[in-house]
């Protein structure tokens, strides 16, 4: 549904980078949803969008890094002014939910949270 080069291009607009082997594993995981998407009657373009959003969400949730600035050998520099990962995650999640009406990616996509929650439950002996 989406190639490694396409995913890297999609992630680059958010300044997100991750190792190729991680990206390929994420692509393979998302590609496993294609039979469900076919059953749901999704077009090739819709499947590409769903795969793009799902892959990006998985990359963000596994701790991807964002490029804040970039310096070229020529001395030129570029910096990215993008929203926080939390905002990106919510936007991508909402876009994915709007497209994936059959919930084909529901089992692999983490719900975006506002923060971590940690609880310790124990008994007194």
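What follows draws every value from the coordinates through simple rules; no lab data is involved. No experiment lies behind these values; they were computed from the predicted model shown. For neighbour counting, all protein chains shown are included, and Cβ atoms are generated from backbone atoms with ideal geometry for every residue, glycine included.
Once both labels are positioned 7 Å from their Cα atoms along Cα-to-Cβ, the gap between residue 101 and residue 20 label points is 3.9 nm.
In this calculation the C-beta distance from residue 31 to residue 87 is compared with R0 = 25 Å, giving a FRET efficiency of 0.40. Residues 8, 71, arranged from fewest to most other Cβ atoms within 10 angstrom of their Cβ, appear as 71, 8.
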